[in-house]
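*Asks:* Could you have a look at this structure, given as structure tokens, before my questions?
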Amino acid sequence: MAATGSASSLPSMSELASHICNKIQSVFSTSDGGNDRPSALDIVVEEIAAVARKGRIFVHGVGREGLMLKALCMRLAHLGLAAHVVGDVTTPPITSPDLLVASAGPGGFSTVEAICSIARTVGARVLLLTAKPEGSAARLASSVALVPAQTMADGKEEEAPSSLLLPMGSLYEGALFVLFEMVVFRVAELLEESPHTVTSRHTNLE
């Protein structure tokens, strides 16, 4: 991928978009039926469906991972579920049988692990999303969903200009966004939610 030169030699917007989408798609190709581990999609849907009508869902992540989880939380609320972002001033205390959905792409963050530990102590389930299931955060999880994408923990970036497309942990974060869209689709089907009812729950204070 060229980094300099005339405009005609640079990749087009469509080419860049295709490259990004192909890289994200490859994450799911790697983890879709290639081993005995259930897919991240199946695990996340199962955990959310189990708590949907009897408890609440809390989400937590740091940095851009946290932003992806906030987007999921918004859609879960649109599905009619009691969903909360850890740290918001209106977030209630977590208890049993609630679910904490947390992300630690590189395998562990001290802040994420502290939140997971509190949730487990009070009897809540903890679903961890990570690219490194052998990491320190997994020991605090009730279940682990593997998203095998590049994160900040995967060593030095390539020197090539093409490495600036989805740098650092962007591939993992992009994969989370796509995964969560699939999760919302599946959960909407399970709850028999129509596009109309989902849309009707969107805020009108904008």
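The values are calculated or read from the model by the stated rules, or taken from the named source; none is laboratory data. The model shown is predicted, which means the values in this text are computed figures rather than measured ones. Methodologically, a virtual Cβ is constructed for each residue, glycine included, from the backbone with ideal geometry; neighbour enumeration extends over all protein chains shown. The area values use the complete protein model at the heavy-atom level, side chains included, leaving out ligands, DNA and RNA. Shrake-Rupley method; radii C 1.70, N 1.55, O 1.52, S 1.80 Å.
*Asks:* Say whether the condition of being over 26 Å from PHE185 (Cα atoms) and of a type in the set (Asp, Glu) is met by at least one residue in the range 95-114.
*Replies:* The answer is yes, given that some residue of the range 95-114 is over 26 Å from PHE185 (Cα atoms) and of a type in the set (Asp, Glu).
*Asks:* Here's another thing I want to ask about it. I'm told THR203 meets every condition in (1) under 15 Å from the mean Cα position of the chain (by Cα); (2) open to solvent by 50 Å² or more (accessible area, probe 1.4 Å) except one. Can you identify the failing condition by its number?
*Replies:* Failed condition: (1).
*Asks:* Only one of these conditions is not met by LYS70: (1) in contact with a helix residue (DSSP H, G or I) (Cβ under 9 Å, 6 or more places away or on another chain); (2) closer than 21 Å to VAL27 by Cβ; (3) not aliphatic (A, V, I, L, M). Which number is it?
*Replies:* If we test LYS70 against (1) in contact with a helix residue (DSSP H, G or I) (Cβ under 9 Å, 6 or more places away or on another chain); (2) closer than 21 Å to VAL27 by Cβ; (3) not aliphatic (A, V, I, L, M), just (1) comes out false.
*Asks:* Right, here's the next one. For a quick check of your reading of the model, give me the residue pairs whose first member lies in the range 192-206 and is at pLDDT 95 or above, whose second is in a loop (DSSP other than H, G, I, E, B) and not aromatic (Phe, Trp, Tyr), with beta-carbon atoms closer than 6 Å and at least 6 apart or on different chains.
*Replies:* Filtered contacts from the range 192-206: GLU193/LEU79.
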